[in-house]
């Protein structure tokens, strides 16, 4: 059973969305990844959103650029938590259209929204959601966060011992 689904509107979104896949792999979580266009394959989107929870999916990460309707439309149909990843695409207005399309959802249809091109954080958030009811995943999240702390400690220790001129 794959608890997380990563979907995107187009294969042009893959360079951004693969960052969610990479962090999930690092954390040892299974996922599925596919393309579902809200505008070009609306029937596929509808059936995906209606059936994802029946297939054991716990969280959906949905990336989209431009008008970015995919995360909100999936959230309108699915009972699952949806994490939206706004993507700066070729038809985007510096990504702001995507950010606002995903962020400004009406009451009753929440979409957790990460930063523009923030698929890595979407993967981490999805893992944390799964980890809230799975102790083994929670432990891996704790280990990951400890590794972030250790990396910063290594950097400040080096900076403080060498001075900024010798840091590099």
When you go through 67, 62 one by one, which is the residue that is closer than 16 Å to residue 129 by Cα and touching a helix residue (DSSP H, G or I) at 6+ places or on another chain (Cβ under 9 Å)? 62
Is there a residue being free of Cβ contacts under 8 Å to residues at least 24 places away in the same chain and closer than 24 Å to residue 16 by Cα anywhere in the stretch 65-73? no
Kindly indicate whether residue 124 is part of a helix (DSSP H, G or I), surrounded by 18 or more Cβ atoms within 10 Å (Cβ to Cβ), out of contact with any strand residue (DSSP E or B) (no Cβ under 7 Å at 6 or more places or on another chain) and touching a residue at least 40 places away in the same chain (Cβ under 8 Å). yes
So which of 27, 14, 70 ends up being in contact with a strand residue (DSSP E or B) (Cβ under 6 Å, 6 or more places away or on another chain) and within 21 Å of residue 121 (Cα to Cα)? 70
In the stretch 47-58, is there at least one residue being at pLDDT 95 or above, surrounded by 14 or more Cβ atoms within 10 Å (Cβ to Cβ) and under 15 Å from the mean Cα position of the chain (by Cα)? yes
Residues (over 15 Å from residue 49 (Cβ atoms), touching a helix residue (DSSP H, G or I) at 6+ places or on another chain (Cβ under 6 Å) and either modelled with pLDDT under 95 or part of a loop (DSSP other than H, G, I, E, B) (or both)) located in the stretch 106-121: 114, 116, 117
Which condition from (1) more than 11 Å from the chain's Cα centre (by Cα); (2) surrounded by 18 or more Cβ atoms within 10 Å (Cβ to Cβ); (3) in contact (Cβ under 8 Å) with a residue 40 or more places away in the chain; (4) over 18 Å from residue 130 (Cα atoms) is the one that residue 3 breaks? (4)
Of all residues in the stretch 96-121, count the ones that are touching a residue at least 60 places away in the same chain (Cβ under 8 Å) and under 8 Å from the mean Cα position of the chain (by Cα). 2
Kindly provide the set of residues from the stretch 20-30 that are surrounded by 15 or more Cβ atoms within 10 Å (Cβ to Cβ) and either free of Cβ contacts under 8 Å to residues at least 60 places away in the same chain or closer than 19 Å to residue 102 by Cα (or both), ordered by number. 20
Restricting to the stretch 22-40, count the residues that are more than 20 Å from residue 68 (Cα to Cα) and either within 15 Å of the chain's Cα centre (by Cα) or modelled with pLDDT under 95 (or both). 10
For the list (1) out of contact with any helix residue (DSSP H, G or I) (no Cβ under 8 Å at 6 or more places or on another chain); (2) at pLDDT 95 or above; (3) more than 15 Å from residue 85 (Cβ to Cβ); (4) in a helix (DSSP H, G or I), I need the number of the one condition that residue 159 fails. (2)
Of the conditions (1) modelled with pLDDT under 95; (2) crowded, with 19+ Cβ neighbours inside 10 Å, the single one that residue 83 does not satisfy is (1)
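The values are calculated or read from the model by the stated rules, or taken from the named source; none is laboratory data. In this text the structure is predicted, and so the values were computed from the model without any measurement. A quick note on method: Cβ atoms are made from the backbone with ideal geometry, for glycine too, and the neighbour counts reach across all protein chains shown.
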